[in-house]
Amino acid sequence: MSYRTYLVAGCFLCIGVARNPNGITTAGSSFRKSRELSCVFETSKIIPLSKEIETIRLNVRLLLSETESKEDQRSHPENLRDNIPSFFVDESSVDILQHANEDINALDCRISTYFTADTQIIWPGSEVRASKLDSWFTCTIKHAAEKYMTTAFLVQTHQESENHNQGQLSQGIAEQSHLSAVFLVHTRSPVVRSALSKDVLLDCTFSIDHQADVTVQWILYQKGGNKKLMFSYNGSSKQVEHMADRAEMLPEEIPKGNASLLLRNVGMRDEGTYSCSVSVSSLTGEQTIQLQIEEKPTVTINVNSLSLVEGEQHKLICDIRNYYPLDVQAQWLRERKGSRKVPDVVKNVLSSSHTQSSNGTYSCSRYFLLTASLKDDGHRYTCRVDHQSLQSPIRRSVIVKVRGGISIIWLLLLLLGLSVCITVVLYYLHKVRSTAKPKPY
Ligand SMILES: *[C@@H]1O[C@H](CO)[C@@H](O)[C@H](O)[C@H]1NC(C)=O
Ligand SMILES: *[C@@H]1O[C@H](CO)[C@@H](O)[C@H](O)[C@H]1NC(C)=O
């Protein structure tokens, strides 16, 4: 196989900018199949005199080589016609694909220079030579839907860069760089959402191209800026040095490449960003995992059915209880039963203030005063609640029946009728009395 394999598709990610000038896309192609990924290369340099740091971004290509001799690969540079710098990652025991095989359009890839501060990173296979250092890069591949995140360390040995001087592009990046992946840290859960009091596994695994003692550290960065050491394992002494309350980790899992942390009975206090860092030699690979507690609200309204007389008033209350976090959207809607029209939003709805229970969840209510009128008869009033913990909004409804009351006109007619009756009765009574009187003679 040759470089042609790499050029089957020139794919690009759509993160704001179209990246690939050759414009060919193969939607739905997996990384395993295409073995090619568009990446953004980031490096920084100090601007002379001003001492400011300038960040440089370039579109580059990450290409995974297949099992074949390196000499073969190098004899076909004619396939790379465009000027996009290419990072060839040679097959090694650290398999990037195993951790990032997905539709390439769903992957975000960033390659950065890993500044070694002019110190030699001691790594098996890399020669120690004072004159020239190896070049180190990190490559982070992130799944758009937060399915995983992988950070790999790539090394270009100084012999590689000397032997392989295929022309320098801008910013001192070679048109082609041959690298090996030697170490990676991966998480399958960059964002974890959990209900209260559950046990959660914060996934963090790593892979190294040789047997090595690793040091593992978990740190929690809380929202207020607090920092808390959750776990630390020292690779040289093979000792767990610290383990926070309710945190668990099996040290025998670490040599297998598993640095995952189990948190028991999670609460609001555990929310934040967890950093899993794995150190080997002088490299430290890190993944961050966000833990967010979510509790679904329970929604009730204060009546099941409502039958009112015209003019009567009734308070309709929608109770939204025990949700987390605080943001919640609640509305009262009015619609005619069986109508296909979009329901009206009830106006003049009031809200109670939020209350927080001892377990940290919130409650509130939304209510309004309904004054029954005949045209409300048969209307359905619905309380619709949406919250980030819900897949779709919760709805609770009540149907209102309104009966006509006694109107003023009827009342007047009734009064009139009554007074006519009374007049008639009085008149007859008077007549009877006058006829019964003895004649005055
Ligand atoms: C890693 O170790 C944890 C326990 O610390 C375990 O629950 C988890 O299943 C392990 N993961 C893998 C991929 O083996
Ligand atoms: C939180 O507390 C409230 C009131 O004390 C209770 O009704 C609710 O079930 C609790 N939620 C959880 C998840 O424990």
Highest mean packing first, using Cβ neighbours within 10 angstrom, the peptides 179-191, 241-253, 213-225 sort as 179-191, 213-225, 241-253
accessible surface per residue for the stretch 298-403, probe 1.4 Å, DNA/RNA/ligands not counted, whole Å² -> 60 Å²
Bridge orientation stat for the stretch 189-293 from DSSP, antiparallel percent rounded to 5, came to 90 percent
Per its Cα gyration tensor (rounded if a/c is under 1.5, else prolate when a/b beats b/c, else oblate), the stretch 189-293 is best filed as prolate
Straight-line reach check, residue 401, cutoff 21 Å on alpha carbons, 8 or more apart in-chain or any other chain, hits among lysines -> 315, 337, 341, 347, 375
Residue span residue 335 to residue 53: 0.36 nm per residue of separation minus Cα-Cα distance leaves a gain in nm of 95.5 nm
Straight-line reach check, residue 256, cutoff 21 Å on alpha carbons, 8 or more apart in-chain or any other chain, hits among lysines -> 238
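In Å², and per residue, what accessible area does the stretch 189-293 have when probed at 1.4 Å with the other protein chains present?
On a per-residue basis, 47 Å².
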If the chain between residue 196 and residue 399 were fully extended at 0.36 nm per residue, the gain over the current Cα-Cα distance would be 69.6 nm
For 306-312, 103-109, ranked highest to lowest by mean beta-carbon neighbours within 10 Å, the order is 103-109, 306-312
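Probe radius 1.4 Å, ligands and nucleic acids ignored: give me the carbon and sulfur share of the accessible area of the stretch 189-293 as a rounded percent.
C and S atoms contribute 46 percent here.
Take the solvent-accessible surface of the protein heavy atoms, probe 1.4 Å, and return the percent of it on the stretch 298-403 that carbon and sulfur atoms account for.
C and S fraction of accessible area: 45 percent.
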Mean Cβ-within-10 Å packing, highest first, puts peptides 255-268, 278-291 in the order 278-291, 255-268
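The values are calculated or read from the model by the stated rules, or taken from the named source; none is laboratory data. Source: prediction; values computed, not measured. Every residue, glycine as well, gets a Cβ built from its backbone with ideal geometry; the counts of neighbours run over all protein chains shown. Protein only, heavy atoms only, side chains kept; ligands, DNA and RNA dropped before computing areas. Shrake-Rupley method; radii C 1.70, N 1.55, O 1.52, S 1.80 Å.
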